[in-house]
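Structure record follows, encoded as structure tokens.
The values are calculated or read from the model by the stated rules, or taken from the named source; none is laboratory data. Model, not experiment: these values are computed from the prediction. A quick note on method: Cβ atoms are made from the backbone with ideal geometry, for glycine too, and the neighbour counts reach across all protein chains shown. Quick note on the areas: whole protein, heavy atoms, side chains included, nothing else; ligands and nucleic acids left out. Shrake-Rupley method; radii C 1.70, N 1.55, O 1.52, S 1.80 Å.
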Amino acid sequence: MEKPELDPGPLQYDYHVDRRVLNEQELEQTGQRSRSPKPSRWRVRPRCSRAIAWATLRRFLPILGWLPQYPVREFLLGDFLSGLSVGIVQLPQGLAYALLAGLPPVFGLYTSFYPIFIYFLFGTSRHISVGTFAVVSVMVGSVTETLAPNSAFLDPENSTINVTARDDARVQVASALSLLVGVFQVGLGLLQFGFVVTYLSEPLVRGYTTAASFQVLVSQLKHVFGLDTQDYSGPLSMIYIVLDILWKLPKSKVGTVVTALIASVLLFAMKMLNQKLGRKLPVPIPAELFMLIGATAISYGVGLKDNFGVGIVGEIPARLEPPRVPDRQFFEKIVGNAFAIAVVGYAIAISLGKIFGMKHGYAVDNNQELIALGLSNFFGSFFQCFPISSSMSRSLVQEGSGGNTQVAAIISSLLILVVIVKLGEFFYNLPKAVLAAIIIVNLKGMFIQFSDICYLWKANRVDLMIWLVTFVATILLNLDIGLAVAVAFSLVTVIFRTQLPHYSILGQVPDTDIYRDVTQYKEAKEVPGIKIFSCSATLYFANAEFYRKALKTKIGLDVDRLLSKKKKLIKKQKWKAKKLQKEENQQKKTAVQIVPLESSEAREVNLKIEEMEMENAREPGIQDGSAKQPDGAVAKDQEGTFTLEMLDLPKPPFHTLILDLGAFNFVDTVCIKTLKNIFRDFQEIEVNVYLAGCHGTMISQFESGNFFGDSITKSHLFVSIHDAVTFALMQSKLQSPNMVVATRM
């Protein structure tokens, strides 16, 4: 028997709920709210056992968790082939990105070798490829060129640069920078500050990396054109470099330009071929490796340096450098840059790690990743390495070629070791223009991010502003200051979004307990005699004044003006009564015959006094025949018993104000003070105020801030807007036939 198909449309289903109206006080009694605070994680008494110690050790050394269970038969072949593929890509990138850092190419190979072993022990991501990365390398280069510029190593006799001394100084700066970056990252990780990357939104990171790619492009133009440019640093340095290159462009070396163009075209063609035949090829074509080998062979055979003046890499030592302690004298000068590199490097690595973790179903620990990168940078600094991060291109190769764990990274680093020890000398004649071409072609993915502008223009203009400000600030102010400006601007946008939220008056959707903005929903109608005010953000010190102004505007009532008039009339009535009493006392003292008051003014004053005495004799809790108020409600004006009707003042067109607090997520002292003032002001003009939709944490914060008292109790708080509306209508005895009072759905 076939079952009939059910249409899952929203009109197919309904539900019915019959319950009494609940305020917060009744809800706590019904739900038995716990009064005992949750124990703080810092107050928990530490315990130690073998299981806890082993779990802690596995958390700080993740390799102990996965390596003993490593499935050799299933994973080893894939990791081996993946490691070879990554090593082939990492070799040219290591050589090229060392140029970005302002260092000899061999130090890019060192950076591609030593830190990988540390991350293998401490990292939690199985697929990211750590090592040299273009954005981090160019940030390092801006520091090394600032602290060790060419001008500081000019030979006064022949005006030539002492390249050996300059490179040695820059290596010391880079290793000191790596040490500080590692210290910052490990420190932040131990303090559980892995969440710091959340302050770098996606538009900020993409705008920053796009601007950094421009920095990379500009830094390689001197190698493309074969020019000796002056070193610039600080704000507007990129503009000065571009102007310097344009000024010296007529002096470009034709052989270098032709070499760079041919290398770029061939690289681009091979990458396009990889994209079209990617599914058919078991392993992507190693375009960069073919380019290195071919360019080195052609350079050696044709003599590009001697015959055409093309710059070459030069000697690459076929050995590993002994460890050396970084120079402390640079620490004070590079501490700001080190922190910026630490944050950017971590943000890029954790972003890639999260992507692969979600794809393959494993968790990536934010804080442990921060510690792993920090230890990699820290130990790498003793072997003349510069700061590292994760490369997207290599990570995609590692994951796409069958890599399952960081064993693939070890295979790739061993391949780099073979190149360092045995094959490095064969790249002596490698043209620097080819390395520059490799860097520039690999920036294609970064430049595609310009399409974000069109997307963000349609999706979110604020995010577009963050992207543009980040890009422009990074281009004009350099990478470190640009990052600080970008983060500051991003946080300012958050403040402005909460300062200027959406305020609205809510109306009831017919035959439901749902309330929506009356300007957005045509069928949503305001409940007669009730104003429901809603704010899309929490109320705190930065938007408290805007909240009060929006409240007055939306309800169409100037409360302050009405209160001012009331106080003036009360003061006037009291003055008249006092004057009359004074005259009566004077007449009694002089024993003059008391003359009855005949004037209409005196009769009016006597009438007011009699009314005051009658009001004071009334039963507490009943005022002018109004309905019974909730427990602890404020039934009297603080100025006595003068009502708006007694003072001939117009009454507000509504009797109840309901504040929707459903969007509130925290409470500060300004919020509490503002809400208290709203209660006081509206009760003075004979309008009842109720709160609706408070979360449990809000109640606790209200209690801590002494919000509740004699005039404001928990009976003023309702679990939903509909509860508050129903209660207000029942109290005012103004039920509308078109209004659903009881919740029946």
Original post:
Counting only protein chains, not ligands or nucleic acids, how are Ser112, Ser49 ordered by accessible area (probe 1.4 Å), most first?
Top reply: Ser49, Ser112
**OP:** Order these peptides, 527-534, 452-459, by their mean beta-carbon neighbour count within 10 angstrom, highest first.
**Re:** 527-534, 452-459
**OP:** Rounded to the nearest 10 degrees, what's the angle between the helix 331-360 long axis and the longest principal axis of the chain, both from Cα atoms, 0 to 90?
**Re:** 80 degrees
Original post:
With +1 on each Lys and Arg Cβ and -1 on each Asp and Glu Cβ, how big is the dipole of the chain about its Cα centre, in debye rounded to the nearest 20?
Top reply: 500 debye
**OP:** Work out the charge dipole of region 407-558 with +1 on the Cβ of Lys and Arg and -1 on the Cβ of Asp and Glu about the Cα centre, then indicate which of Val509, Asn460, Ile410 is farthest towards its positive end.
**Re:** Asn460
**OP:** Pick out, from Phe193, Val242, Val21, the residue whose Cα sits farthest towards the positive end of the charge dipole of the chain, with +1 on the Cβ of Lys and Arg and -1 on the Cβ of Asp and Glu.
**Re:** Phe193
Subject >> Heavy atoms of Cys694: accessible area, 1.4 Å probe, square angstrom to 10 >> reply: 20 Å²
Subject >> Per-pair calculated FRET efficiency, R0 = 25 Å: Tyr13 and Arg516 via Cβ, rounded to 0.05 >> reply: 0.80
**OP:** With a 1.4 Å probe and every protein chain left in place, work out the accessible area per residue of the chain in Å², rounded to a whole number.
**Re:** 53 Å²
**OP:** Work out how much length Ala363 to Lys576 would gain on full extension: take 0.36 nm times their residue separation and subtract the Cα-Cα distance, in nm to one decimal.
**Re:** 68.9 nm
Original post:
For the chain, what Kirkwood radius comes out of the mean inverse Cα-Cα distance, in Å?
Top reply: 32.0 Å
Original post:
How do 298-304, 288-294, 122-128 rank on mean C-beta neighbours within 10 Å, highest first?
Top reply: 122-128, 288-294, 298-304
**OP:** Give the distance, in whole Å, between the Cα centre of region 433-465 and the Cα centre of region 503-518.
**Re:** 44 Å
Original post:
Quick one: if the Förster radius is 25 Å, what FRET efficiency do Lys444 and Leu236 give, using the C-beta to C-beta distance and rounding to 0.05?
Top reply: 0.40
**OP:** Just grab the label-to-label distance for Lys422 and Arg324, each label 7 Å out from Cα along the Cβ direction, in nm (one decimal).
**Re:** 2.8 nm
Subject >> Angle between the chain longest axis and helix 202-225 axis [Cα atoms, degrees, rounded to 10] >> reply: 30 degrees
Subject >> Distance in nm between pseudo-label sites at Asn585 and Phe666 (7 Å out along the Cβ direction from Cα) >> reply: 5.6 nm
Original post:
By how many degrees, between 0 and 90 and to the nearest 10, does the Cα long axis of helix 407-418 differ from the longest principal axis of the chain?
Top reply: 40 degrees
**OP:** For region 639-736, state which GluC sites (Glu not before Pro) are in a DSSP loop and have at most 15 other beta carbons lying within 10 Å of their beta carbon.
**Re:** Glu639, Glu645
Original post:
Sorted by average packing, counted as other Cβ atoms within 10 angstrom per residue and highest first, what order do 178-189, 324-335 take?
Top reply: 178-189, 324-335
Original post:
By how many nm would the segment from Ala542 to Leu647 lengthen if fully extended, with 0.36 nm per residue of separation less the alpha-carbon distance?
Top reply: 34.1 nm
Subject >> Check: region 328-423 dipole with +1 on Lys, Arg Cβ and -1 on Asp, Glu Cβ, in debye >> reply: 180 debye
Original post:
Glu315 accessible area, nearest 10 Å², 1.4 Å probe?
Top reply: 150 Å²
Original post:
Tell me, how many Å apart are the Cα centres for region 208-241 and for region 111-158?
Top reply: 17 Å
**OP:** For the chain, with all protein chains present and a 1.4 Å probe, just round the carbon and sulfur fraction of the accessible area to a whole percent.
**Re:** 61 percent
Subject >> Per-residue [θ]222 nm for the chain (sum of -39500 (n - 2.57) over DSSP H runs n ≥ 4, rounded to 500) >> reply: -18500 deg cm²/dmol
Original post:
Among the GluC sites (Glu not before Pro) within region 483-573, which fall in a DSSP loop and have no more than 15 other Cβ atoms within 10 Å of their own Cβ?
Top reply: Glu523, Glu526
Original post:
Under the classification rounded if a/c is under 1.5, otherwise prolate if a/b is larger than b/c and oblate if not, where does region 283-379 fall, given a ≥ b ≥ c as square roots of the Cα gyration tensor eigenvalues?
Top reply: oblate
Original post:
How much of the DSSP beta bridge set in the chain is antiparallel, as a percent to the nearest 5?
Top reply: 55 percent
Subject >> Label-point separation in nm, Gln499 to Val335, each point 7 Å along Cα→Cβ >> reply: 3.2 nm
**OP:** Go through region 133-223 and name the trypsin sites (Lys or Arg not before Pro) that are in a DSSP coil and have 15 or fewer other Cβ atoms within 10 Å of their Cβ.
**Re:** none
Original post:
Sorted by accessible area (1.4 Å probe), largest first, how do Tyr346, Tyr232, Tyr503 line up?
Top reply: Tyr232, Tyr503, Tyr346
Subject >> FRET efficiency estimate (nearest 0.05) - Cβ-Cβ, Leu476 to Asn706, R0 30 angstrom >> reply: 0.05
Subject >> Taking the chain and dividing mean pair separation by its residue count, relative contact order in percent (alpha carbons under 8 Å, at least six apart) >> reply: 20 percent
